[in-house]
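Down below is the structure, laid out as structure tokens.
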Amino acid sequence: MKNQINILFHGLLGSLRDLAPVILVIAFFQLAVVQQPIPDLGGLLAGTALVVVGLTLFVRGLEMGLFPIGEAMAYAFARKGSLMWLLVFAFALGFGTTVAEPALIAVANEAARVASDSRLIAAGDAARHDYALGLRITVALAVGVALVLGMFRILKGWPVQYFIMGGYAGVMVMTLFAPPSIIGIAYDSGGVTTSTITVPLVTALGVGLASSIKGRNPLVDGFGLIAFASLTPMIFVMIYGTLVL
């Protein structure tokens with residue numbers, strides 16, 4: 001128990017240290033540039049304290065739960081030789097965590113609203129809902145496919161840089177043919193897919209798989225899945241926009 005308290009205490013200090021630059025920047029511009037008193041200082045301090053505590057607990061939870069379970073499941077699948085189930089799990093993990101990602105939901109809803117206001121899609125809640133849902137499913141499918149490709153890469157030991165270069169070449173080609181109204185959304189989709197839950201699970205999955213295969217280096221072969229998960233949604237969303245708009 002005492003050890004856990006010490007770990008949480010050091011975690012709080014670490015979170016405060018990590019957030020200090022942000023706090024200092026905001027305080028400097030508020031006091032030195034805007035030159036106005038900080039509104040609701042008490043609420044701001046209370047909110048900052050909650051952020052520090054929440055970040056500490058979140059990071060500790062990742063270390064205790066998500067990282068171990070991701071590595072353990074990858075190791076178990078590899079030890080049993082269950083390639084099909086490993087790929088099914090990777091796809092389901094990517095799809096499930098992405099389709100429910102709050103940032104993606106917000107971006108998709110905003111994109112649907114703007115598309116409706118610009119008369120790119122029909123007006124009305126039903127049309128906006130269908131458009132936003134289509135975006136979310138498209139991005140989720142892209143992340144699922146990305147994780148399947150990433151698992152294959154780790155199993156085969158293929159260098160990650162060739163996949164990344166080929167993927168961005170595909171992004172540039174699709175940019176030439178996709179409707180201009182979808183390009184910005186597609187590029188933003190690559191950023192909102194990597195959520196706070198997906199990233200640690202996917203990273204742990206890759207490291208666990210690389211650790212369980214003889215001849216693989218977890219540092220070299222276990223990482224790179226997040227790059228796939230950020231890259232493929234750009235291509236998929238531009239394809240979606242080409243077909244729908």
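The values are calculated or read from the model by the stated rules, or taken from the named source; none is laboratory data. No experiment lies behind these values; they were computed from the predicted model shown. Virtual Cβ from ideal backbone geometry, glycine too; neighbours counted across all protein chains shown. Areas reflect the complete protein model, heavy atoms only, side chains present, ligands, DNA and RNA absent. Shrake-Rupley method; radii C 1.70, N 1.55, O 1.52, S 1.80 Å.
Condition check for PHE152 on (1) more than 21 Å from THR232 (Cβ to Cβ); (2) in contact with a helix residue (DSSP H, G or I) (Cβ under 9 Å, 6 or more places away or on another chain); (3) open to solvent by 70 Å² or more (accessible area, probe 1.4 Å): one failure, at (1). Taken together, the residues in segment 182-225 that are over 18 Å from PHE95 (Cα atoms) and either open to solvent by 70 Å² or more (accessible area, probe 1.4 Å) or in contact with a helix residue (DSSP H, G or I) (Cβ under 7 Å, 6 or more places away or on another chain) (or both) amount to 21.
The set of residues in segment 40-72 that are in contact (Cβ under 8 Å) with a residue 60 or more places away in the chain and either in contact with a Lys or Arg (Cβ under 6 Å, 6 or more places away or on another chain) or within 16 Å of VAL199 (Cβ to Cβ) (or both) comprises PHE58, LEU62, LEU66, PHE67, PRO68, ILE69, GLY70, GLU71. When each of LEU31, LEU50, LEU16 is tested for being open to solvent by 80 Å² or more (accessible area, probe 1.4 Å), farther than 30 Å from ALA210 by Cβ, touching a helix residue (DSSP H, G or I) at 6+ places or on another chain (Cβ under 8 Å) and in a helix (DSSP H, G or I), the lone residue that passes is LEU16.
Considering (1) under 21 Å from the mean Cα position of the chain (by Cα); (2) at positive phi, the lone condition that GLY215 does not fulfil carries the number (1). Of ALA140, ALA169, all but one fail to be surrounded by fewer than 16 Cβ atoms within 10 Å (Cβ to Cβ) and on the phi < 0 side of the Ramachandran plot; the exception is ALA169.
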